[in-house]
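J.: Just passing along the structure, written as structure tokens.
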Amino acid sequence: MIEFILSDACNACGTCAEVCPTGVFDAVPGQPPVIARAGDCQTCFMCELYCQQDAIFVGPDAERIEGFDAQTTRISGLMGEMRRHHGWDEWALGGHYPNQHWRMEDVFARARAAAE
Amino acid sequence: MRAGFSITTDVLVIGGGMAGAWAAIGARRAGASVVLVEKGWLGTSGVTATAGPGHWWVAPADRPAAIAKRLAQSGGLNDPVWMERILETTWEILPTLSDVYDFSRDEQGQPRYRALRGPEYMRALRRRLEQIGVTIIDHAPAQELLRHADGSIGGARGIRHPGGTDWQVESGAVVLATGGTSFRSHLLGSHNNTGDGYLMAAEAGAQLSGMEFTSVYCIAPARTTLTRSMSFAFATYYDEAGQVLPIGGPDITRPLAAALLRGPVFADLARTPADIRAQVPTISPNFLLPFRRWGIDPYTRKFEVTLHGEGTIRGIGGIAVEDRDCGAGVPGLFVAGDAATRDQFAGAISGGGNINSAWALSSGQWAGAGAARFAARSTRRSGARGIGGTGLHPVGGPQIDAPAILAQVQDAMLSYDKALFRDGVRLRASLAVLDQAWSELAGSDLRELAAMTASARWSLLASITRAESRGIHQREDHSQPDPALARRIRVHGLDRPIAAPEPERQAA
């Protein structure tokens, strides 16, 4: 469930409020958006993917806000991990995070072979 | 952002997941003006956006064998003609995204067309729709269809978020691409998938088919939505006392569900080879998020697991498909993707990701083009009236306990001991509870809950009617297949729904 927005990292672009499929955020002109309906969050991490500032953090527990501390989380290196591993935006450059989704069928095949 | 609006167009597509996007492309290519309305945002909404759809992808020479294999394993309800069409259309159409989707190349430098990553796929489809001039309206859930006096469908009405103002689109034809429903199970990305299209189609007089085949589940770390099964191919399972559980092989659902009914189940991924561990973040970028955030190394430590129900999403029921254009048997109404039944090609087993994705693509193409042709034959673009019922016309009266009704729907459709391990007595008890819930919802404004409740009642009724075991529908009180039921089961109706086997198998 949505945990927090880092207000000093947010550039008030409004993208999260636009792309959130369940309308969790209310956009505020010139300000970070307000988390207005946390209970509607479906824990899909799409807001993190579309946040170029890496200012949004979603907790893994889909049923409750866990209370992740914003500053501790920020220095942990966990902000923006979804976007980075996707090779989204600037991470598409340099080839460090190639889209290897196609290997999924090979992984399943390896598991089947290992079980036999 | 526009608030309320009123638009006239040739084709209205309802739903902005993969099937709706492909339907809009199909309709636009056929020359129609197209408006697409989406409950959330086209790109992040729905179960494709959050996952990684493979597609059923078979070279022409290999298709007879692939079709024969599927026919042999899927319980005898499916039709090879539909499979051939799906394979052909997917093979032809998917590579046309090459200018907007960066297809990965394997070690031999060959493009890998069949497996696309969800967010990138939906971003590519959004770009395509913008290129070809489809009007996309996000945050605009459709609530009811509009119907002309002659019974043909002429648009839809809904509300716009934020604010909740009304919108209306009058059109020459409508494609329903509203997805399936997981009954809010926490299946990743499925919160908006509440079966709205099933309810709208039934109100227009359409039938549904295959609704009994809903007992599909996906594993996830407990309390998370991360139904990404790949890494569990190397899982070892344990009970609370740390004893290894005999869960493995191609189907883990039934033994895992049985273990979960006894108590908590834990897993570790210690058997995962090192090279695969290194690739997991760039194969499934979201899979490790919970573990990293909780500080748990799944390769060395046990973590609790659960199963999330997939309802009609990887199950296969939906609106009956009555012709080659994916018409719903109601003039001007077409269906695509998980909103449609998939029993005509998937059979009595899950369509899985691959076959359902290939269907979403190809049914989108056909439904979009069919809707465009229908709209081209009709000049009428106004005068249709809303036909929505339950959940749209609140009358006041006693407060309805919406969470309690949702819990009843979920108990009927997701509980392992009712929805997976099935029995006629328990199915009838669930149906009686939800019949009562349906009558309570009549005077409410709880449209999504009404759609989930209606979908659950059709599923229960079809499951009772299929008094046998076939494919993923396994009845403890009828453990064998009944040759007399080697046919699809249709359901229709709202207040007093009716289920009946088809008289004979229908060819495509």
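J.: Can you tell me which residue in the range B:412-432 is farthest from residue B:204 (Cα to Cα), limited to those that are out of contact with any Asp or Glu (no Cβ under 8 Å at 6 or more places or on another chain) and surrounded by fewer than 18 Cβ atoms within 10 Å (Cβ to Cβ)?
T.: Of the range B:412-432, the ones out of contact with any Asp or Glu (no Cβ under 8 Å at 6 or more places or on another chain) are B:412-417, B:419-420, B:427-429, B:431-432.
Next, from what is left, pick out any that are surrounded by fewer than 18 Cβ atoms within 10 Å (Cβ to Cβ): B:415, B:417, B:428-429, B:432.
On the way: B:415: 31, B:417: 34, B:428: 27, B:429: 28, B:432: 25 Å.
Restricting to residues being out of contact with any Asp or Glu (no Cβ under 8 Å at 6 or more places or on another chain) and surrounded by fewer than 18 Cβ atoms within 10 Å (Cβ to Cβ), the top hit is B:417.
J.: Is it fair to say residue B:31 is closer than 16 Å to residue B:337 by Cβ and either more than 24 Å from the chain's Cα centre (by Cα) or surrounded by 24 or more Cβ atoms within 10 Å (Cβ to Cβ) (or both)?
T.: The answer is no for residue B:31.
J.: Among the residues that make up the range B:394-411, is at least one of them assigned to a helix (DSSP H, G or I), over 21 Å from residue B:318 (Cβ atoms) and acidic (Asp, Glu)?
T.: Yes - at least one qualifying residue is present in the range B:394-411.
J.: Taking the stated definitions as given, is residue A:62 within 10 Å of chain B (Cβ to nearest Cβ) and surrounded by fewer than 23 Cβ atoms within 10 Å (Cβ to Cβ)? Reasoning before the result, please.
T.: On the way: within 10 Å of chain B (Cβ to nearest Cβ): yes; surrounded by fewer than 23 Cβ atoms within 10 Å (Cβ to Cβ): yes.
The answer is yes for residue A:62.
J.: When you go through B:147, B:157, B:184 one by one, which is the residue that is touching a Ser or Thr at 6+ places or on another chain (Cβ under 9 Å), of a type outside the set (A, V, I, L, M, F, W, C) and buried (at least 20 other Cβ atoms within 10 Å of the Cβ)? If you could, list the steps in order and put the result at the bottom.
T.: On the way: B:147 fails: touching a Ser or Thr at 6+ places or on another chain (Cβ under 9 Å); B:157 fails: touching a Ser or Thr at 6+ places or on another chain (Cβ under 9 Å).
B:184 is the lone residue from the list that is touching a Ser or Thr at 6+ places or on another chain (Cβ under 9 Å), of a type outside the set (A, V, I, L, M, F, W, C) and buried (at least 20 other Cβ atoms within 10 Å of the Cβ).
J.: Which of the residues that make up the range B:262-286 are buried (at least 21 other Cβ atoms within 10 Å of the Cβ) and hydrophobic (A, V, I, L, M, F, W, C)?
T.: As a first pass, look at the range B:262-286 and keep what is buried (at least 21 other Cβ atoms within 10 Å of the Cβ): B:265, B:267, B:269, B:272, B:280, B:283-286.
Passing the criteria: B:265, B:267, B:269, B:280, B:283.
J.: Right, another one. How many of the residues in the range B:412-443 are assigned to a loop (DSSP other than H, G, I, E, B) and modelled with pLDDT of 95 or more?
T.: Adding up the residues that qualify gives 3.
J.: Going through the range A:44-92 one residue at a time, which ones are farther than 26 Å from residue B:48 by Cβ and either assigned to a helix (DSSP H, G or I) or among the β-branched types (Val, Ile, Thr) (or both)?
T.: Once the filter is applied, which keeps residues that are farther than 26 Å from residue B:48 by Cβ and either assigned to a helix (DSSP H, G or I) or among the β-branched types (Val, Ile, Thr) (or both), the range A:44-92 yields A:65, A:70, A:71, A:72, A:73, A:74, A:75, A:76.
J.: Limited to the range B:189-224, what total is found for residues that are in contact (Cβ under 8 Å) with a residue 40 or more places away in the chain, under 23 Å from residue B:403 (Cβ atoms) and under 12 Å from the mean Cα position of the chain (by Cα)?
T.: The qualifying residues number 9.
J.: A further question follows. Among the candidates B:105, B:117, which residue alone is within 10 Å of chain A (Cβ to nearest Cβ) and in contact with a Pro (Cβ under 7 Å, 6 or more places away or on another chain)? So that I can check it myself, show each step before the final result.
T.: Details: B:117 fails: in contact with a Pro (Cβ under 7 Å, 6 or more places away or on another chain).
Of B:105, B:117, the one residue that is within 10 Å of chain A (Cβ to nearest Cβ) and in contact with a Pro (Cβ under 7 Å, 6 or more places away or on another chain) is B:105.
J.: Could we say that residue A:21 is more than 20 Å from residue B:293 (Cβ to Cβ), touching a Ser or Thr at 6+ places or on another chain (Cβ under 8 Å) and either more than 12 Å from chain B (Cβ to nearest Cβ) or in a loop (DSSP other than H, G, I, E, B) (or both) here? Give the steps one after another, and end with the answer.
T.: Values: more than 20 Å from residue B:293 (Cβ to Cβ): yes; touching a Ser or Thr at 6+ places or on another chain (Cβ under 8 Å): yes; either more than 12 Å from chain B (Cβ to nearest Cβ) or in a loop (DSSP other than H, G, I, E, B) (or both): yes.
In short, yes.
J.: Any idea how many residues of the range B:356-386 are farther than 25 Å from residue B:451 by Cα and in a helix (DSSP H, G or I)? Quick ask: steps written out before the conclusion?
T.: Start the filter on the range B:356-386 by keeping residues that are farther than 25 Å from residue B:451 by Cα, which leaves B:358, B:362, B:365-366, B:369-370, B:372-383.
Narrowing the set further to residues that are in a helix (DSSP H, G or I) leaves B:358, B:362, B:365-366, B:369-370, B:372-377.
Within the range B:356-386, residues that are farther than 25 Å from residue B:451 by Cα and in a helix (DSSP H, G or I) number 12.
J.: Tally time: how many residues in the range B:211-234 are in a loop (DSSP other than H, G, I, E, B) and surrounded by fewer than 24 Cβ atoms within 10 Å (Cβ to Cβ)?
T.: 3
J.: Would you be able to say whether some residue in the range B:465-474 is out of contact with any Asp or Glu (no Cβ under 9 Å at 6 or more places or on another chain), part of a helix (DSSP H, G or I), touching a residue at least 40 places away in the same chain (Cβ under 8 Å) and of a type in the set (Ser, Thr, Tyr)?
T.: No.
J.: In this structure, is residue B:277 among the basic types (Lys, Arg), farther than 21 Å from residue B:419 by Cα and part of a helix (DSSP H, G or I)?
T.: On the way: among the basic types (Lys, Arg): yes; farther than 21 Å from residue B:419 by Cα: yes; part of a helix (DSSP H, G or I): yes.
Spelling it out, residue B:277 is indeed among the basic types (Lys, Arg), farther than 21 Å from residue B:419 by Cα and part of a helix (DSSP H, G or I).
J.: Pairs needed: first member in the range B:5-26, without any contact (Cβ under 8 Å) to a residue 60 or more places away in the chain; second member anywhere, in a strand (DSSP E or B); C-beta distance under 6 Å; at least 6 residues apart or different chains.
T.: none
J.: Looking at (1) within 14 Å of another protein chain (Cβ to nearest Cβ); (2) of a type in the set (Val, Ile, Thr); (3) in contact (Cβ under 8 Å) with a residue 60 or more places away in the chain; (4) assigned to a helix (DSSP H, G or I), which is the one condition that is false for residue B:312?
T.: With respect to (1) within 14 Å of another protein chain (Cβ to nearest Cβ); (2) of a type in the set (Val, Ile, Thr); (3) in contact (Cβ under 8 Å) with a residue 60 or more places away in the chain; (4) assigned to a helix (DSSP H, G or I), residue B:312 is out only on (1).
J.: What about residue B:192, is it within 14 Å of another protein chain (Cβ to nearest Cβ) and either within 30 Å of residue B:389 (Cβ to Cβ) or out of contact with any Ser or Thr (no Cβ under 9 Å at 6 or more places or on another chain) (or both)?
T.: On the way: within 14 Å of another protein chain (Cβ to nearest Cβ): yes; either within 30 Å of residue B:389 (Cβ to Cβ) or out of contact with any Ser or Thr (no Cβ under 9 Å at 6 or more places or on another chain) (or both): yes.
The answer is yes for residue B:192.
J.: Of the residues that make up the range B:55-76, is at least one in contact with a Ser or Thr (Cβ under 6 Å, 6 or more places away or on another chain), buried (at least 24 other Cβ atoms within 10 Å of the Cβ) and either of a type in the set (Ser, Thr, Tyr) or more than 20 Å from residue B:13 (Cβ to Cβ) (or both)? Reasoning before the result, please.
T.: Here is the first cut: in the range B:55-76, the residues in contact with a Ser or Thr (Cβ under 6 Å, 6 or more places away or on another chain) are B:55.
Filter again for buried (at least 24 other Cβ atoms within 10 Å of the Cβ), leaving B:55.
Restricting the remaining residues to those that are either of a type in the set (Ser, Thr, Tyr) or more than 20 Å from residue B:13 (Cβ to Cβ) (or both) gives B:55.
Yes, because at least one residue in the range B:55-76 is in contact with a Ser or Thr (Cβ under 6 Å, 6 or more places away or on another chain), buried (at least 24 other Cβ atoms within 10 Å of the Cβ) and either of a type in the set (Ser, Thr, Tyr) or more than 20 Å from residue B:13 (Cβ to Cβ) (or both).
J.: Considering every residue within the range B:125-132, establish whether at least one is within 14 Å of chain A (Cβ to nearest Cβ) and farther than 17 Å from residue B:7 by Cβ.
T.: Taking the range B:125-132 as the starting set, the residues that turn out to be within 14 Å of chain A (Cβ to nearest Cβ) are B:126.
Going one step further and asking which of them are farther than 17 Å from residue B:7 by Cβ, we end up with B:126.
Among the residues of the range B:125-132, at least one is within 14 Å of chain A (Cβ to nearest Cβ) and farther than 17 Å from residue B:7 by Cβ, which makes the answer yes.
J.: While we're looking at this one, here's another question. In this structure, does residue B:337 turn out to be more than 21 Å from residue A:107 (Cβ to Cβ), out of contact with any Ser or Thr (no Cβ under 7 Å at 6 or more places or on another chain) and surrounded by 17 or more Cβ atoms within 10 Å (Cβ to Cβ)? Lay out the reasoning, then the answer.
T.: Values: more than 21 Å from residue A:107 (Cβ to Cβ): yes; out of contact with any Ser or Thr (no Cβ under 7 Å at 6 or more places or on another chain): no; surrounded by 17 or more Cβ atoms within 10 Å (Cβ to Cβ): yes.
In short, no.
J.: Which residue pairs have Cβ atoms under 7 Å apart, sit 6 or more places apart or on different chains, and have a first residue in the range B:271-283 that is touching a residue at least 24 places away in the same chain (Cβ under 8 Å) and a second that is among the aromatic types (Phe, Trp, Tyr) and assigned to a helix (DSSP H, G or I)?
T.: B:271/B:234; B:272/B:234
J.: Of all the residues that make up the range B:123-141, how many are crowded, with 22+ Cβ neighbours inside 10 Å and among the β-branched types (Val, Ile, Thr)?
T.: So the answer is 1.
J.: So how many residues does the range A:82-116 have that are buried (at least 19 other Cβ atoms within 10 Å of the Cβ) and facing another protein chain (nearest Cβ under 7 Å)?
T.: Within the range A:82-116, residues that are buried (at least 19 other Cβ atoms within 10 Å of the Cβ) and facing another protein chain (nearest Cβ under 7 Å) number 11.
J.: I need the full set of residues from the range B:104-125 which are without any contact (Cβ under 8 Å) to a residue 40 or more places away in the chain, out of contact with any helix residue (DSSP H, G or I) (no Cβ under 8 Å at 6 or more places or on another chain) and not small (Gly, Ala, Ser), in order please.
T.: Initially, the range B:104-125 is screened for residues without any contact (Cβ under 8 Å) to a residue 40 or more places away in the chain, giving B:104-112, B:120, B:124.
Still in the list and also out of contact with any helix residue (DSSP H, G or I) (no Cβ under 8 Å at 6 or more places or on another chain): B:105, B:107-110.
The answer is B:105, B:107, B:108, B:110.
J.: Out of the residues in the range A:65-81 meeting the condition of being of a type outside the set (A, V, I, L, M, F, W, C) and surrounded by fewer than 12 Cβ atoms within 10 Å (Cβ to Cβ), tell me which one is nearest to residue B:52 (Cα to Cα). Walk me through how you get there before you give the answer.
T.: If we filter the range A:65-81 for residues that are of a type outside the set (A, V, I, L, M, F, W, C), which is where we start, we get A:66-67, A:69, A:71-74, A:76-77, A:80-81.
Filter once more, keeping what is surrounded by fewer than 12 Cβ atoms within 10 Å (Cβ to Cβ): A:67, A:69, A:71-72, A:77.
Values: A:67: 30, A:69: 31, A:71: 32, A:72: 31, A:77: 25 Å.
Here the answer is A:77.
J.: A further question follows. Scan (1) facing chain B (nearest Cβ under 8 Å); (2) out of contact with any strand residue (DSSP E or B) (no Cβ under 8 Å at 6 or more places or on another chain) for the single condition residue A:69 breaks and write down its number.
T.: (1)
The values are calculated or read from the model by the stated rules, or taken from the named source; none is laboratory data. Since the model is a prediction, treat every value here as computed from it, not as a measurement. Please note: Cβ atoms are built from the backbone with ideal geometry, for glycine as well, and neighbour counts cover all protein chains shown.
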